Amino acid sequence: VCTLFVYSQPLDDACLSYLNNNLTPLIEFEVVKWLKNPTFGLKFLELSRLNLNINHSFWTYNLLIRSFCCMGLYGSARLVFDYMKIDGHLPDSTLLGFMISSFGRAGEFGMARKLLAEVQSDDVMVTIFAVNNLLNMMVKQNNLEEAVSLYKENLGLNFNPDTWTFNILIRGLCRVGKVDQAFEFFNDMRSFGCFPDIVTYNTIINGLCREYEVDRGHSLLNEIRLRDDCAPNVVTYTSVISGYCKLGKMEEASALFDEMMSSGTLPSVVTFNVLIDGFGKVGDMLSAKSLYEKMASFGCIPDVVTFTSLINGYCQIGDVNRSFQLWDAMKVKNVSPNVYTFAITINALCKENRLCEACRFLRELQCRNIVPKPFIFNPVIDGFCKAGNLDEANRIVAEMEKKKCDPDKVTFTILIIGHCMKGRMLKAISIFDKMLSVGCPPDDVTVRSLISCLLKAGMPKEAYHISTITS
């Protein structure tokens, strides 16, 4: 049959008559499988539907739908699904879940929602797993409003959400800062017979602390401690500790850390990192260093975040030389610095006018597999411009561009002001024109600075021209 179909198109009446009398649903399924090409399989299906008196099996449709979904041909999968329904077959929950997941992964949320609505009207059972999977993909692909809409429109269609459903929506809402709306879902859970688990609590506590509502997060932590079926874990404590650290409330953060330890919950590397970073930002490097030294006793190995936070702390209190010892410790422990480790150190050196050392770190950065960012180069460029060494500043900009790191608004503004200060007004105008041509819009600081310098240099026409094109 495969040979006839592939090599004898169109089939004559004798062939069609023979197939009509001898082809069975099982043989027809084997033919589709043997063709090993879903496009040929669909053509054979359409041929047999139109010209042969055969009732296709569920497994033929199942095979073609899955094959087309795996190939990303969702329109064809949908067509086969329509044939399937017309021919009197309904999908089972496994096939339906597969189709919804496939459409969701491809971002075809409209198609997935339409499919859900259709099968529910046909009284096909839609598992909560399939709906949750679709909601999860919508949230991950930043289609939060569509996820909330899908949840609401399915409530009246025999859809009973479970704890995972609420966790998905609460996570999505907290991630975009809509904590109050997340609380509405949190409060609705019990009306559906669902109870928040530790994932629910951790998600909403983290959302509150990211929005600087740390006291509310701490209250929820205390609520968990009173429950018999749920207990706070290291993630719960770390979220609230991190919130206090971001507010600079290190006493509260330390007290909660001690409370966590006394409850028998061991800290993680992340717990130590947020505390070390918090103490570093308030300039308490004794406490930061003490925590760093305690990490090993809890089986926590310092990572690049740990070292970067310590380096940042020492740089903030003006002890750049002490931060170099941490660079040496990183080498010993085989921890690679990241873009922020370099940026913090280079910025601190530039503040102390140690430009040659800053350039040494720039050269080291370029030897590593790190994607450079303009904010790393800008302090060095600014330092050379303020020192009047425009040639070196221009050289660093050329190095930036060679590394596929395009100058940003700050880079251009530094260069424009630097050239103006040296009286190179035409060069400053040229840099400004380049800024516009590469699609980097200047801000008020850039425009005002350039216009002011042009007026002081006795170039009112040029100043007026700049004012006109930027308005």
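Inter-label distance, Val304 to Asp188: 4.1 nm, where each label sits 7 Å from its Cα along the C-beta direction.
The smallest convex shape that holds all Cα atoms of the chain, its convex hull, gives 247 Å³ per residue. If r is the Cβ-Cβ distance from Asn222 to Glu145 and R0 is 35 Å, what FRET efficiency results, to the nearest 0.05? In this case the efficiency is close to 0.60. Ser263 contributes about 60 Å² of solvent-accessible surface, heavy atoms of the protein only, 1.4 Å probe. Across the range 187-326 the C-alpha pair distances fall into 10 Å bins from zero in the proportions 12, 40, 30, 13, 5, 1 percent. Full extension of the chain segment joining Leu73 with Arg363 gains 99.5 nm, where the gain is 0.36 nm per residue of separation less the Cα-Cα distance. Here the accessible area of the chain is 53 percent carbon and sulfur, with a 1.4 angstrom probe and all protein chains present.
Spin-label pair Glu352-Val176: with each label point 7 Å from Cα along the Cα-Cβ axis, the two points sit 4.6 nm from one another. Cross-link pairs exceeding 32 Å between alpha carbons, from the set Lys333/Lys373; Lys36/Lys114; Lys409/Lys461; Lys249/Lys404; Lys333/Lys409: Lys249/Lys404; Lys333/Lys409. Between Ser262 and Arg424, the simple spin-label model (points 7 angstrom out along Cα→Cβ) gives 6.4 nm. The phi-based Karplus calculation (6.51 cos²θ - 1.76 cosθ + 1.60; θ = phi - 60°) puts the 3J(HN,Hα) values of the range 283-291 at x, 8, 6, 5, 5, 4, 5, 4, 5 Hz, whole numbers, x for Gly and Pro.
Relative to the present Cα-Cα distance, how much length would full extension add between Ser17 and Ala457 at 0.36 nm per residue of separation? Here the answer is 148.8 nm. Working note: Cα gyration tensor of the range 426-470, eigenvalues times five, square-rooted, sorted largest first, giving semi-axes of 17, 11, 9 Å.
What does the net charge come to around Val339 if you take all other residues with beta carbon closer than 13 Å to its beta carbon, with K and R at +1 and D and E at -1?
+2
Secondary-structure-derived ellipticity at 222 nm for the chain, considering helices only, amounts to -22500 deg cm²/dmol, per-run term -39500 (n - 2.57) for DSSP H runs with n ≥ 4. Using a probe of 1.4 angstrom and keeping all protein chains present, the accessible surface of the chain works out to 50 square angstrom per residue.
The values are calculated or read from the model by the stated rules, or taken from the named source; none is laboratory data. A quick note: this is a predicted structure, and the numbers were derived from the prediction, not measured. We place every Cβ from the backbone using ideal geometry, glycine too, and count neighbours over all the protein chains shown. What goes into the accessible areas is simple: the full protein's heavy atoms, side chains included, and nothing from ligands, DNA or RNA. Shrake-Rupley method; radii C 1.70, N 1.55, O 1.52, S 1.80 Å.
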